[in-house]
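See below for the structure under consideration.
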Amino acid sequence: MNYTAQLDDALQRLHDEGRYRTFIDIERQKGQFPHALWTRPDGTQAPITVWCGNDYLGMGQNPIVLKAMHEAIDATGAGSGGTRNISGTTVYHKRLEAELADLHGKEAALLFTSAYIANDATLSTLPKLFPGLIIYSDALNHASMIEGVRRNGGAKRVFRHNDLDHLRELLAADDPAAPKVIAFESIYSMDGDFGPIKAICDLAEEFGALTYIDEVHAVGMYGPRGGGVAERDGLMGRIDIINGTLAKAYGVMGGYIAASAKMCDAIRSYAPGFIFTTSLPPAVAAGAAASVAFLKTAENLRSDHQAQAKVLKLRLKGMGLPIIDHGSHIVPVMVGNPVHTKILSDMLLENHGIYVQPINFPTVPRGTERLRFTPSPVHGPKEMDALVQAMDELWSHCALNRAENAG
């Protein structure tokens, strides 16, 4: 076996399909988000505006968050020193879990190193706690949920995206006595559409199922205190397990679940992804706790965020660009070809200092490649104007080239 040749072939396939992913070397500037410095391949630097980051509210630069992190690192040092079970639980971790439990109106919360691990570890552990468990998973659930469901060794049913009739059909076909969990998302990040939370809760109640919701792209940004779409809709009390992240709206890193005290205790006690992983550094936990606490009262930031998304979508629609608009903060511009998507991304970066990463297969289905913009309250009128003008120019240019090539 020529292992090097096999690797070359695998990588070349990605290049041939136009979906080889390139890391853009950027340096965020303290207090200047969404502005950053891009290091070109030749080593020179250029200023850019980041339009595809997940720091949705700019909390990664918030002085309150940075102050909490500085104080914690000065007090405790860098790392946590171990897993949560072996010397890695500190007052900062407990404080953050208390903030998260309060945020979601739950008895407890459990921290993980990322929301990916939280989904994977929890969903793969549930069948150990409920023998014979059947998990009903939305077809467009995040890769972390898919992996957790796949690895759990139990039964699974995949229902068509947001298709309540199909979900009901699957639930009705199974043993009424079997334990069940319905796993879905509140906001699906690629199209920006919402899950039918109330209707799913109604079905769960009818068929005796638990509910598991991923609120990763909603926590901090929706609801009176940032508890997510379930809080906005008054439904948090009907959700059994809520998954969230600290790496997007909260601007730090880490993931969690919020649930009953017994559920969190059981996952803590049985999930390898929790048991055998070094805990978050205390400084990270301190910064995340400060961010969660701050955003519980920052309704103005959430309002500004939604307003910015609406303005950008309105302006892009006005130019005739094919965007998807489900009313969330996600702004996808559909290109439909991986090569064209990469060209647009490269030209925005190199000619206009605008950074937006191409979204290609397998993140989205083939033929639905896109640029996904994530406006924030700190993208001002100047940044908005520059983006709209650049997209107008480049979209027309690419359309002309496509027409010429077709002719």
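Checked against (1) at pLDDT below 95; (2) surrounded by 20 or more Cβ atoms within 10 Å (Cβ to Cβ), LYS180 passes all but a single condition, namely (1). Scanning region 316-339 for residues that are surrounded by 17 or more Cβ atoms within 10 Å (Cβ to Cβ) and in a helix (DSSP H, G or I) gives LEU316, PRO338.
Restricting the first member to region 249-263 and to residues that are farther than 11 Å from ALA118 by Cβ, and the second to residues that are open to solvent by less than 20 Å² (accessible area, probe 1.4 Å) and charged (D, E, K, R), the beta-carbon pairs closer than 6 Å and six or more apart or on different chains are GLY251/ASP55. Among the residues of region 325-357, those identified as out of contact with any Gly (no Cβ under 6 Å at 6 or more places or on another chain) and among the β-branched types (Val, Ile, Thr) are VAL331, VAL333, VAL335, THR341, ILE343, ILE354, VAL356.
Would you point out the residue of region 183-199, among those that are among the aliphatic types (A, V, I, L, M) and more than 12 Å from SER137 (Cβ to Cβ), that is surrounded by the fewest Cβ atoms within 10 Å (Cβ to Cβ)? Write out each step before concluding.
Keep residues of region 183-199 that are among the aliphatic types (A, V, I, L, M), which gives 183, 187, 190, 197, 199.
Filter once more, keeping what is more than 12 Å from SER137 (Cβ to Cβ): 187, 190, 197, 199.
Numbers: ILE187: 23, MET190: 18, ILE197: 24, ALA199: 13.
So, considering only residues that are among the aliphatic types (A, V, I, L, M) and more than 12 Å from SER137 (Cβ to Cβ), the one surrounded by the fewest Cβ atoms within 10 Å (Cβ to Cβ) is ALA199.
A residue that is part of a helix (DSSP H, G or I) and either more than 28 Å from MET253 (Cβ to Cβ) or at pLDDT 95 or above (or both) cannot be found anywhere in region 363-373. Looking at region 118-131, which of its residues are surrounded by 20 or more Cβ atoms within 10 Å (Cβ to Cβ) and aliphatic (A, V, I, L, M)? Matches in region 118-131: ALA118, ALA121, LEU123, LEU126.
Have a look at ARG28, ARG40 and point out the one that is of a type in the set (Lys, Arg), free of Cβ contacts under 8 Å to residues at least 24 places away in the same chain and in contact with a strand residue (DSSP E or B) (Cβ under 8 Å, 6 or more places away or on another chain).
Details: ARG28 fails: free of Cβ contacts under 8 Å to residues at least 24 places away in the same chain.
When all the criteria are applied, what remains is ARG40.
Scanning region 263-301 for residues that are touching a Ser or Thr at 6+ places or on another chain (Cβ under 9 Å), surrounded by fewer than 17 Cβ atoms within 10 Å (Cβ to Cβ) and not in a loop (DSSP other than H, G, I, E, B) yields TYR270, PRO272, ILE275, THR278. Here region 142-163 is the region considered, the condition is being within 20 Å of LEU129 (Cβ to Cβ) and part of a loop (DSSP other than H, G, I, E, B), and the residue that is most open to solvent (accessible area, probe 1.4 Å) is GLY153.
Any residue at all in region 161-170 that is within 23 Å of ILE330 (Cα to Cα) and acidic (Asp, Glu)?
Here is the first cut: in region 161-170, the ones within 23 Å of ILE330 (Cα to Cα) are 161-163.
Applying the additional criterion that residues be acidic (Asp, Glu) yields 163.
Yes: one or more hits.
The values are calculated or read from the model by the stated rules, or taken from the named source; none is laboratory data. All of these numbers come straight from a predicted model, not from anything done at the bench. Heads up, the Cβs are rebuilt from the backbone with ideal geometry, glycines too, and the neighbour counts pull from every protein chain shown. When the accessible area is computed, the model is the full protein with side chains, heavy atoms only, and any ligands, DNA or RNA have been set aside. Shrake-Rupley method; radii C 1.70, N 1.55, O 1.52, S 1.80 Å.
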